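The values are calculated or read from the model by the stated rules, or taken from the named source; none is laboratory data. What you are looking at is a predicted structure, and each value in this text was computed from that prediction instead of being measured. Cβ atoms come from the backbone with ideal geometry, glycine included; neighbour counts cover every protein chain shown.
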Amino acid sequence: MKNHKSVFMVICCYILLNFIIGIRGSAAADTEIATSNKIPEGPPLFKTIEGAKTYIVQHQNRDGGWPLVPGEDSNVENTAFSIWALIDTGWGTGSEVIRTGVQYLRNTQSDNGSWNNNTAHTTFALIALAAAETDPEIRFKGLRWLKKAQNASGGWGKKEQSPDNILYTAAVLTGFRRLGFKQNFEPISKGAEWLAEGINFDGGWALQHGSRSDNFVTSWVMQGLEPVYDIDVQIAWLKQFQNDDGGFGRYKDSPSDPEITAIAIMALAAGNDPLNTRRVAINYLTDVRQDDGSFVSNTPIELTEPTSNLQSTCFVLIAIHAKTPDELSVQ
C-alpha cells in the first residue's frame, strides 16, 4: 500500500507540474505576441490573421479594454469586438488578454443591465461575454434590458424608448443570431418583421427608408433577417456590387473598404453562400493589410478620414472566420 501511495503522489505531482507549465506557456505566448512587432512568415491569409491578432493584442490598454484608435481611452464597443475577434481565431478564453478584457466589460455594465444605455453596445458586449463563456448572470441582465428596450413596433433605437433605427435593429438581431436564439424567440420574429418592411424598391436597405440603398446597412440587415427569412434574393443583390478588386464599397461604384467588405462577408456567410465569393473578398482583405497587421477605414462614425483602427481590424478577423448556418449546425 505504501508503494502504491508513493506512485500515486508522483503521478499527482507530475500532473500538477504539467498544468503549471501549461499556464506559464500560455502566459508566455501572450507576452510574446504583446511585445513582438514581427508578423510570422507564411501564406497571405495566415499573415493577415496573425498580423491582425498581433495588432489587437498589442493595443489593449492597461484597464483591460481596447480603444478605437491606439492611444485613446478604452470603450465598450471595441473591447467587445476585440474579445469576439480573438476568440473566433482560437484565442484561449482563460488567457490574461481575454480575462482582463472581460473584467473591463464587467466593470462598465450599468445597473439597468445595459452598456452605455446603448442597444448596439449592449449586444456586442453580450456576444463577447458569451464567446468567453463567462458571467451568465451579467448576460441575463443585458438580455432582459434589450427585450425591454424593444419598441412595440418590433424595432430598436439607439437607446431605450428611442425611435426605431434600421442599423441598431439589425445589430441587435445579428447579436441574437450569434447568441443562438431562433425564430421562436419573440423579439427576433417581431424585429425581423419590422426590418423586412423597410426594404427599398431595389431590394436593399438604407438608414432612411427610400433613400439610396447601402451595402453596409443591407449586410447587417441580412444577418438579422436570416433566422426568420430566406435571404437568397438579398445575397444575389449584394453580390452584384462586389468590385473588381474583390472588395465592397458602401454604394455601387464606391471604392472598396475593409470594414464594409468584412460585414458583407459576414452577410454572405449568413446566407449559406458558397465560399467562392467570400474567398475573393478575403483575398482583397489580404491585399490591403497594413504592415503592422491593421486595416485602414473611415467606416467607424467617430473617424473623419481613413485611419488604422481596432474596429475595422476586428471585423476583418470575425469575417474571415464567419460560419454559415450549415457549418454552425454540424458543430
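In the list GLY175, GLY180, which residue meets the criterion of being assigned to a loop (DSSP other than H, G, I, E, B) and of a type outside the set (S, T, N, Q)?
GLY180
Which is among the aromatic types (Phe, Trp, Tyr), within 26 Å of HIS321 (Cα to Cα) and under 21 Å from the mean Cα position of the chain (by Cα), of PHE216, PHE241?
Going through PHE216, PHE241 in turn, the sole match is PHE216.
Regarding segment 108-119, can at least one residue be identified that is in contact with a His (Cβ under 6 Å, 6 or more places away or on another chain) and either at pLDDT below 95 or in the same structural domain as ASP291 (by TED's automatic domain parsing) (or both)?
yes
Report the residue count in segment 308-322 for those that are surrounded by fewer than 24 Cβ atoms within 10 Å (Cβ to Cβ) and over 12 Å from the mean Cα position of the chain (by Cα).
Summing the residues that are surrounded by fewer than 24 Cβ atoms within 10 Å (Cβ to Cβ) and over 12 Å from the mean Cα position of the chain (by Cα) in segment 308-322 gives 1.
Which members of segment 118-158 meet the condition of being in a loop (DSSP other than H, G, I, E, B), surrounded by fewer than 16 Cβ atoms within 10 Å (Cβ to Cβ) and touching a residue at least 12 places away in the same chain (Cβ under 8 Å)?
Of everything in segment 118-158, those that are in a loop (DSSP other than H, G, I, E, B), surrounded by fewer than 16 Cβ atoms within 10 Å (Cβ to Cβ) and touching a residue at least 12 places away in the same chain (Cβ under 8 Å) turn out to be GLU133, SER153.
From the list ASP287, ASP292, pick out the single residue that is over 16 Å from the mean Cα position of the chain (by Cα) and assigned to a loop (DSSP other than H, G, I, E, B).
Every option except ASP292 fails the conditions.
Residues of segment 214-244 being of a type in the set (Ser, Thr, Tyr) and buried (at least 20 other Cβ atoms within 10 Å of the Cβ), which ones? Steps first, please.
First pass over segment 214-244, keeping only residues of a type in the set (Ser, Thr, Tyr): 218-219, 229.
Scanning segment 214-244 gives THR218, SER219.
The rows are residues; the columns are (1) modelled with pLDDT of 95 or more; (2) of a type in the set (Lys, Arg); (3) buried (at least 24 other Cβ atoms within 10 Å of the Cβ).
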{"position": "GLY246", "(1), (2), (3)": "yes, no, no"}
{"position": "GLY249", "(1), (2), (3)": "yes, no, no"}
{"position": "ASP253", "(1), (2), (3)": "no, no, no"}
{"position": "ALA262", "(1), (2), (3)": "yes, no, yes"}
{"position": "GLY271", "(1), (2), (3)": "no, no, no"}
{"position": "ASN276", "(1), (2), (3)": "no, no, no"}
{"position": "ILE282", "(1), (2), (3)": "yes, no, no"}
{"position": "VAL288", "(1), (2), (3)": "yes, no, no"}
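Please go through segment 199-254 and give me each residue that is over 22 Å from TYR284 (Cα atoms), of a type in the set (Phe, Trp, Tyr) and touching a helix residue (DSSP H, G or I) at 6+ places or on another chain (Cβ under 7 Å), ordered by number.
Within segment 199-254, TRP205, TYR229 meet the criteria.
Taking only pairs six or more apart or across chains, which ones have beta-carbon atoms under 7 Å, a first residue in segment 284-298 that is farther than 13 Å from ALA262 by Cα, and a second residue that is assigned to a helix (DSSP H, G or I) and of a type in the set (A, V, I, L, M, F, W, C)?
GLY293/ALA52
Kindly establish whether LYS47 is modelled with pLDDT under 50, assigned to a helix (DSSP H, G or I) and farther than 30 Å from THR119 by Cα.
no
Looking at this structure, is GLY113 part of a loop (DSSP other than H, G, I, E, B), within 21 Å of ILE49 (Cα to Cα) and of a type in the set (Gly, Ala, Ser)?
no
In segment 230-242, what count of residues is obtained for those that are of a type outside the set (Lys, Arg), part of a helix (DSSP H, G or I) and touching a residue at least 24 places away in the same chain (Cβ under 8 Å)?
Initial filter on segment 230-242 (of a type outside the set (Lys, Arg)): 230-238, 240-242.
Filter once more, keeping what is part of a helix (DSSP H, G or I): 232-238.
After this cut, where a residue has to be touching a residue at least 24 places away in the same chain (Cβ under 8 Å) as well, the list is 232-235, 237-238.
The qualifying residues number 6.
Among PRO163, PRO227, which is over 23 Å from the mean Cα position of the chain (by Cα), part of a loop (DSSP other than H, G, I, E, B) and of a type outside the set (D, E, K, R)?
Testing whether each residue is over 23 Å from the mean Cα position of the chain (by Cα), part of a loop (DSSP other than H, G, I, E, B) and of a type outside the set (D, E, K, R) leaves just PRO163.
Checking the condition modelled with pLDDT of 95 or more, of a type outside the set (A, V, I, L, M, F, W, C), in contact with a strand residue (DSSP E or B) (Cβ under 8 Å, 6 or more places away or on another chain) and part of a helix (DSSP H, G or I), which residue from SER308, SER312 passes?
Of the residues listed, the single one that is modelled with pLDDT of 95 or more, of a type outside the set (A, V, I, L, M, F, W, C), in contact with a strand residue (DSSP E or B) (Cβ under 8 Å, 6 or more places away or on another chain) and part of a helix (DSSP H, G or I) is SER312.
Exactly one condition in (1) modelled with pLDDT of 95 or more; (2) over 18 Å from PHE124 (Cβ atoms); (3) of a type in the set (A, V, I, L, M, F, W, C) is not met by VAL76; state its number.
Of (1) modelled with pLDDT of 95 or more; (2) over 18 Å from PHE124 (Cβ atoms); (3) of a type in the set (A, V, I, L, M, F, W, C), only one is false for VAL76: (2).
Take segment 290-307 and flag every residue that is of a type outside the set (Val, Ile, Thr), at negative phi and crowded, with 18+ Cβ neighbours inside 10 Å. Show your work before the answer.
In the first step, residues of segment 290-307 are kept if they are of a type outside the set (Val, Ile, Thr); the result is 290-295, 297-298, 300, 302-303, 305-306.
Of the ones still in play, those that are also at negative phi are 290-292, 294-295, 297-298, 300, 302-303, 305-306.
Matches in segment 290-307: SER294, PHE295, SER297.
Considering (1) free of Cβ contacts under 8 Å to residues at least 24 places away in the same chain; (2) touching a Phe, Trp or Tyr at 6+ places or on another chain (Cβ under 7 Å), say which one VAL221 fails and leave the rest.
Condition (1) is where VAL221 drops out.
Only residues that are in a helix (DSSP H, G or I) and of a type in the set (D, E, K, R): list them for segment 262-284, please.
Listed by number, the residues that qualify are ARG278, ARG279.
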